[in-house]
Amino acid sequence: MIRDRRVPGPFSSQVGLSYMMNWIDHFHFTAILFSRSRILTKALRAFPLPAASASLLALKHEPPRPKNFMAPLTNGTIPRSTKMHSKVVIIGSGPAGHTAAVYLARANLNPVLFEGFMANGFAPGGQLTTTTDVENYPGFPTGIMGPELMEKFREQSIRFGTQVITETVSKIDLSARPFRYWREGQEGDEPETADSVIIATGASAKRLGLKGEDMYWQSGISACAVCDGAVPIFRNKPLAVIGGGDSAAEEATYLTKYGSHVYVLVRRSELRASKIMAKRLMNNPKIVSLAHSFEWIPNIHPPPQTILWNTVATECQGDGDLLNNLRIKNVLTQEEKDLPVNGPFYAIGHEPATAIVRSQLQTDEDGYIVTVPGTTQTSVKAVFAAGDVQDKRYRQAITSAGSGCMAALEVERLLAEEEEGTDCELANFFFFLFSLM
Ligand SMILES: Cc1cc2nc3c(=O)[nH]c(=O)nc-3n(C[C@H](O)[C@H](O)[C@H](O)COP(=O)(O)OP(=O)(O)OC[C@H]3O[C@@H](n4cnc5c(N)ncnc54)[C@H](O)[C@@H]3O)c2cc1C
């Protein structure tokens, strides 16, 4: 099949060229014939070939996967939806989703963003719609109200051409490309499809379900020391952190900058926090641990931070406007007391909104989507995750926006590479035909 161009005799530029053509012929013929073959793909991965062959098979730039990372599920030849097919769909409307949308829209990829209809308990715009002043988002030196900031994000997405849909995505199939998804209430209908997906569904703070909790949520109760610690209602006021893990240790230490006293309510007689975090908390000169005792309250001039072991909160109380007291109980003695604080900070974990993808993407023990370190690439190729849904550490608007930007750039690069790959295959085919002449 392959024409033999080898010419015996002394080496000349023509002979050299002919050798080269011959090699290229062999290479391209094989690649063209088998570039879509899974067996050859595996073989090519096993035996190193020139960089060109890798690019031909679009293996280039695929981020390295951590050990034990789930293999891509994508295998497919699913037809595009006749209802709506897009190059990229973004699920979620917090800072991560909208930042991704701005970048993708400006790159002419016509993103579709599902902002949800009270999805995961949040209005479109996400967690920041539930707060008042945001003082740490760069660009707003005098602060900005959370809902107003998210309205600006939305306006900016739309300005560049993002299609924002006020519906919730209730089901998604990531087993083959294009990916198929369904809107809430339309699960029985033909799905819509997308070549790539950005999951930016966020997370929500776990609650205790205490009496009075709903009334004083965000009116004294907070789940983010970094976000709220500095606000006037907490400054120089007695505060309490509820929890015994790493977050609790970190939040309590952070709050000592602001509160007049910081109590830590630990359900057990030891901290669950990692050794290093526990040590940091216990070695804090401002901490005195009053084990198994209630004698610290109320007016014995407690030190700035006090760990209350075996203690849980039972009720949030206040003046109807702001919280000013916690009822607490010692779980060993069942003794109940008042703890006059203005700010209980919940540090009992967050719930990432991963229900629709949990069985399809690799998640960690707490349900957060696992991404390849330094990227937003999930365990399925062409599915990216940004924002709090993949970040249990920082959980800030700015870090969410940053990862939304990363996801957009990664989508853009992947789609461009795939397009280039197709072009490259076509070009190779014509080159091959030409070389037969
Ligand atoms: C009360 C409060 C105050 C805060 N204050 C600050 C602060 O001052 N500074 C700061 O930096 N950070 C603050 N944060 C943290 C910050 O809000 C989050 O880190 C950030 O909003 C996370 O953004 P995200 O894009 O990951 O998603 P989120 O903001 O969580 O938004 C996700 C959105 O996606 C939607 N959604 C979920 N599932 C679906 C679905 N299936 N289909 C369609 N839509 C879906 C949700 O309805 C939600 O609107 C605060 C958080 C809270 C709760």
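The numbers here are math on the coordinates, done by the rules we state, and not lab data. No experiment lies behind these values; they were computed from the predicted model shown. Note that we place each Cβ from the backbone using ideal geometry, even for glycine, and neighbour counts take in every protein chain shown.
What does the charge count near GLY125 come to, summing +1 for each Lys or Arg and -1 for each Asp or Glu among other residues with Cβ under 9 Å from its Cβ? Within the 9 Å Cβ shell, the charges total -1.
Anything over 25 Å Cα to Cα? Flag those among LYS275/LYS337; LYS87/LYS171; LYS211/LYS392; LYS211/LYS279; LYS211/LYS337; LYS83/LYS152, in the order listed. The partial results should precede the final answer.
Details: LYS275/LYS337 30 Å; LYS87/LYS171 18 Å; LYS211/LYS392 27 Å; LYS211/LYS279 33 Å; LYS211/LYS337 15 Å; LYS83/LYS152 30 Å.
Too far apart for the 25 Å limit: LYS275/LYS337; LYS211/LYS392; LYS211/LYS279; LYS83/LYS152.
May I ask you to sort MET215, MET406 by Cβ crowding, counting other Cβ atoms within 10 Å and putting the fewest first?
Numbers: MET215 15, MET406 20.
By the 10 Å Cβ count, ascending, the order reads MET215, MET406.
For PRO340, the shell of other residues with beta-carbons less than 12 Å away shows a net charge of +2, using +1 for Lys and Arg and -1 for Asp and Glu.
Could you line up PHE179, PHE140 from fewest to most neighbouring Cβ atoms inside 10 Å?
Exposure proxy ranking, most exposed first: PHE140, PHE179.
With R₀ fixed at 41 Å, the C-beta to C-beta distance from ASP338 to ARG358 puts the FRET efficiency at about 0.50.
Judged by the mean number of other Cβ atoms found within 10 Å, the most tightly packed of the peptides 332-338, 120-126, 186-192, 409-415 leads the ranking 120-126, 409-415, 186-192, 332-338.
Other residues with beta-carbon under 14 Å from the beta-carbon of VAL389 carry, at +1 per Lys or Arg and -1 per Asp or Glu, a net charge of -1.
Classify the range 80-213 from the C-alpha gyration tensor, please: rounded if a/c falls under 1.5, else prolate or oblate depending on whether a/b exceeds b/c. Display every interim value, and only then the final one.
Details: a/c = 2.65, a/b = 1.38, b/c = 1.92.
It is oblate, given that a/c is not under 1.5 and a/b is not larger than b/c.
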